[in-house]
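Structure first, commentary second.
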Amino acid sequence: MDALIIGAGGFVGSYLIQELNQKNLHVGATLLPREHIRSGICDTFTLDIMQENEIKNLLRTHRPKYIYHLAAQSSVAASWKNPELTIDINIKGSLHLLEAVRSIPEYYPRILLVGSGEEYGWLKSQAPVTEFTPLHPGNPYAATKAFQNMLGTIYAKSYGMGIVMVRAFNHIGIGQAPVFVAADFALQIAEIEAGFRPPVMQVGNLTAKRDFSDVRDVVRAYSLLMEKGCAGETYNVGSGHAVAIQELLDILLDFSTKSIVIEQNPDRMRPSDVPVIEADISKLQTDTGWKPIYSLEETLYSMLAHHRKNFGLA
Ligand code: A2R
């Protein structure tokens, strides 16, 4: 096996499988027992990252050259509701992977640990964040990803492991769960257009600015970092340009065929929200030559068009 994707049943996994298939790699993907992916696109294995022996056995048998670690509790909102579960999966799960690799004699895979732009958290300045910007995580999810990053750095430096860390900023695209803002807005608009809900959109904080990328650009960056990233180093993966959630909403509303009223819903406001997060992506670009291909408008339109098609509107 060339590449193993751990946690491939989520949003990013299916895109990463496609990306690696295009490179003619032999790909394995781990799924939770309840998860499924399109058959025939790669080998699949059932794995709960909380079970250390399961990951050890899988790696010992297949010895993948590249390991992409995507498995996580990835929702900020869910991390406020259940911080303990988020800590277990995101921290202990990553530790299980690193210890499993270390326990196998003469095995030196490249490992990509996927963290988050949320790790930077409460920023003193609104300037783009470099990988050296101090971390002040603003929510439990962000704290777990910051810890994962530290663990990866320590294991790479102390044990000479081929671990590359990324801090991925917001990525969006078809198939993203509607707990995330762009996916939620696109779905609400399509439901309104299809007559499944009244023409009133529920929104949360619209002033926060985030750095959005198309998930297809993001997985291309991951694959390039796997090949070209320096072990023990962290790389921001983002567009390099923050936009307000309001702007994202406005782009989608411009595409809509209906006149829609916006209603702020207190249930959608988070206990605390970092005002601006924007990535400095010069390190990624210098080391890999990566550039984003898809515009925000193009990606948002594709998400809306996908729901319209599902609702028989296209
Ligand atoms: O939470 P679920 O049921 O959607 O399953 C997620 C899965 N996962 C696990 N896999 C193995 N063992 C576990 N104990 C475990 N708990 C959860 O990892 C899901 O299928 C996958 C992560 O996919 P998403 O939540 O859709 O995240 P996404 O957007 O694909 O992001 C990939 C990575 C994550 O580490 C994010 O935190 C980061 O990129 O931004």
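Here, each number is a calculation from the coordinates, and none is a lab measurement. These numbers come from a predicted model, not from an experiment. Cβ coordinates were reconstructed from backbone atoms using ideal geometry, including for glycine residues, and neighbour counts include every protein chain displayed.
From the backbone phi of segment 123-140, what are the Karplus-calculated ³J(HN,Hα) couplings (6.51 cos²θ - 1.76 cosθ + 1.60, θ = phi - 60°) in whole Hz, Gly and Pro given as x?
After applying 6.51 cos²θ - 1.76 cosθ + 1.60, I find 9, 6, 10, 9, 5, x, 8, 9, 5, 9, 4, x, 8, 9, x, x, 7, x Hz.
Counting other Cβ atoms within 10 Å of each Cβ, which trypsin sites (Lys or Arg not before Pro) in segment 243-314 have at most 12 and sit in a DSSP loop?
Working: sites: Lys258, Arg268, Lys283, Arg308, Lys309; in loops: Lys258.
When the trypsin sites (Lys or Arg not before Pro) of segment 243-314 are filtered for loop state and at most 12 Cβ neighbours within 10 Å, Lys258 remain.
How would you rank Asp48, Asp214, going from fewest to most other Cβ atoms within 10 Å of each one's own Cβ? The partial results should precede the final answer.
On the way: Asp48 16, Asp214 24.
By the 10 Å Cβ count, ascending: Asp48, Asp214.
Can you compute the charge dipole magnitude of the chain about its Cα centre, using +1 on each Lys and Arg Cβ and -1 on each Asp and Glu Cβ, nothing else charged? Give it in debye, rounded to the nearest 20. Mind dumping the intermediate values first?
Details: 28 positive and 33 negative charges, 105 e Å.
So the magnitude is around 500 debye.
Which of the lysines could a cross-linker span from Lys309 if the Cα-Cα distance has to be under 18 Å and same-chain partners fewer than 8 positions apart are dropped?
Cα-Cα hits under 18 Å: Lys258.
Nearest 20 debye, what's the magnitude of the dipole of segment 70-169 about its Cα centre given +1 on Lys and Arg Cβ and -1 on Asp and Glu Cβ? All intermediate terms of the calculation are to be shown ahead of the outcome.
Working: 8 positive and 7 negative charges, 24 e Å.
So the dipole magnitude of segment 70-169 works out to roughly 120 debye.
Within a Cβ distance under 14 Å of Ile55, other residues only, what is the Lys/Arg minus Asp/Glu net charge? Mind showing how you got there, number by number?
Working: positive: Lys56, Arg60, Arg63, Lys92, Arg102; negative: Asp48, Glu52, Glu54, Glu99.
Every neighbour counted, the sum reads +1.
In a Gaussian network model over the chain where Cα atoms closer than 10 Å are linked, find which of Asn265, Asn53, Asn170 has the largest mean-square fluctuation.
Maximum among the listed residues: Asn265.
Considering only DSSP beta bridges whose two residues both sit in the chain, what percent are antiparallel, to the nearest 5? Numbers along the way, then the final one.
Values: 3 of 38 bridges.
Antiparallel bridges make up about 10 percent of those DSSP assigns within the chain.
With the dipole of the chain worked out from charges on the C-beta (+1 for Lys and Arg, -1 for Asp and Glu) around the Cα centre, which of Met1, Met269, His96 lies farthest toward the positive end?
Comparing the listed Cα positions along the dipole, Met1 ranks first.
Dipole of segment 206-286 (Lys/Arg Cβ +1, Asp/Glu Cβ -1, origin at the Cα centre): which of Ser256, Ala244, Thr286 lies farthest to the positive side?
Of Ser256, Ala244, Thr286, it is Thr286.
Efficiency by 1/(1 + (r/R0)^6): what FRET value for Ser103 and Arg268, r their Cβ-Cβ distance, R0 = 51 Å, to the nearest 0.05? Each step should come with its number before you reach the end.
Details: r = 44 Å, r/R0 = 0.86.
So, using R0 = 51 Å, E works out to roughly 0.70.
If amide hydrogens are placed 1.01 Å from N in the peptide plane, which non-local residues have theirs closer than 5 Å to the one on Thr44?
Ala29
State whether segment 1-73 is rounded, prolate or oblate according to the following rule on the C-alpha gyration tensor (a ≥ b ≥ c being the square roots of its eigenvalues): a/c under 1.5 gives rounded; otherwise a/b larger than b/c gives prolate, and the remaining case gives oblate.
Values: a/c = 1.72, a/b = 1.19, b/c = 1.44.
It comes out oblate by the Cα gyration axes.
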